[in-house]
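Engineer: One structure coming up, written as structure tokens, with questions to follow.
The values are calculated or read from the model by the stated rules, or taken from the named source; none is laboratory data. Predicted model only: the values in this text are computed from it and were never measured. As a convention, Cβ positions derive from the backbone with ideal geometry for all residues, glycine included, and neighbour counts pool all protein chains shown. Accessible surface is based on the protein model in full, side chains and every heavy atom, while ligands, DNA and RNA are left aside. Shrake-Rupley method; radii C 1.70, N 1.55, O 1.52, S 1.80 Å.
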Amino acid sequence: MRIWRNQISGILSLLWAVGVVLYAGWNLTGYMILRRRLRRWEEPVSDRDILLCYQNVCRELDIKNAPALNYCSVLSAPMCAGFARPAIYLSSLNLNADDFYYIFKHELTHYKRHDIIYKGLLLTARSIHFFNPFVHWMAMAAEKDMELSCDAEVVNNCPPEVRREYSLTILKCISESRVS
């Protein structure tokens, strides 16, 4: 009976380890494909006004070593990506100065808070507990909370007009992502 239990335990442990490797491998492969796609289609932003806005937001958030700023036509929404060499990617250059300000403030807040590291930790938890739907739900809720917290930080202590403008910028980005 004891040998049988040890064999079952060994088989279950092996299945769990294979599941962890497959789940983590699948997600890391997807991330590497995304990074390769970003590198292939990225173009450094050269518009002076956009770069000036970016530098002003970096100064406002007290970011000394700012991530690279690139445009990537294949993206549907702006994003911050990269563990070793983070960069901010814009999905459109057809926005006004206020829109860029809010986008930069949002993405640089993610950068300053090291949200990419937290997302990596969530991926680790999801990989280890790949079989547990509650862990996946918790990770999705945590990622949503990161976004909402970032949004709250952008409009912290702002008058209602600024909150409205920020909300309109988010809606504009969403509508553009649905069109492309």
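Engineer: Can you work out the FRET efficiency for the pair LYS112 and ASN132, with r the C-beta to C-beta distance and R0 = 30 Å, to the nearest 0.05?
Structural biologist: Values: r = 31 Å, r/R0 = 1.05.
Computed FRET efficiency for LYS112 and ASN132: 0.45.
Engineer: How many percent of the accessible area of the chain is carbon or sulfur, using a 1.4 Å probe?
Structural biologist: Values: 7410 of 12000 Å².
That fraction is 62 percent.
Engineer: Per residue, how many Å² of accessible area does the chain show with a 1.4 Å probe? Could the numbers behind the result be given before it?
Structural biologist: Details: 12000 Å² over 180 residues.
Here the residues of the chain average 67 Å² of exposed surface.
Engineer: Right, something else. How much length, in nm to one decimal, is gained on full extension between MET32 and SER76, taken as 0.36 nm per residue of separation minus their Cα-Cα distance?
Structural biologist: Contour length minus Cα-Cα distance gives 14.1 nm.
Engineer: Any chance you could run the full-extension gain for LEU121 through ARG48? It's 0.36 nm times the residue separation minus the Cα-Cα distance, nm to one decimal. It would help to have the intermediate numbers written out before the result.
Structural biologist: Details: separation 73, 0.36 × 73 = 26.28 nm, distance 3.67 nm.
In short, 22.6 nm is gained.
Engineer: For ASP145 and SER9 in the same chain, what is the full-extension length gain: residue separation times 0.36 nm, less their Cα-Cα distance, in nm? Please report the intermediate quantities before stating the final value.
Structural biologist: Details: separation 136, 0.36 × 136 = 48.96 nm, distance 3.72 nm.
So the extension gain works out to 45.2 nm.
Engineer: Where does the chain land at 222 nm, in deg cm²/dmol rounded to the nearest 500, when only DSSP H runs of n ≥ 4 count, each adding -39500 (n - 2.57), divided by all residues? Intermediate results must be reported in sequence, preceding the final value.
Structural biologist: Working: 6 runs with 126 residues, N = 180.
Calculated at 222 nm, the ellipticity per residue is -24500 deg cm²/dmol.
Engineer: Let me ask another. Where nothing but the Cβ of Lys and Arg (+1) and of Asp and Glu (-1) is charged, how large is the charge dipole of the chain around its Cα centre, in debye to the nearest 20? Walk me through the intermediate numbers first.
Structural biologist: On the way: 21 positive and 18 negative charges, 204 e Å.
The dipole of the chain has a size of about 980 debye.
Engineer: What lysines does LYS144 reach when the alpha-carbon gap must be under 20 Å and sequence neighbours fewer than 8 apart in one chain are set aside?
Structural biologist: LYS144 reaches LYS105, LYS112, LYS119, LYS172.
Engineer: Which order do peptides 129-141, 72-84 fall in by mean Cβ count within 10 Å, highest first?
Structural biologist: Values: 129-141: 13.2, 72-84: 15.8.
Going by the mean number of other Cβ atoms within 10 Å, highest first, we get 72-84, 129-141.
Engineer: Roughly what % of DSSP beta bridges within the chain run antiparallel, to the nearest 5? Walk me through the numbers before you get to the answer.
Structural biologist: Details: 6 of 10 bridges.
Of all bridge pairs located within the chain, approximately 60 percent are antiparallel.
Engineer: I'd like to know which of GLY82, THR29, ALA17 lies farthest towards the positive end of the charge dipole of the chain, counting +1 on Cβ of Lys and Arg and -1 on Cβ of Asp and Glu.
Structural biologist: So the residue furthest toward the plus end is ALA17.
Engineer: So, one more: Among THR169, HIS106, TYR118, pick out the residue whose Cα is farthest towards the positive end of the charge dipole of segment 99-180, where Lys and Arg carry +1 and Asp and Glu carry -1 on C-beta, about the Cα centre.
Structural biologist: TYR118
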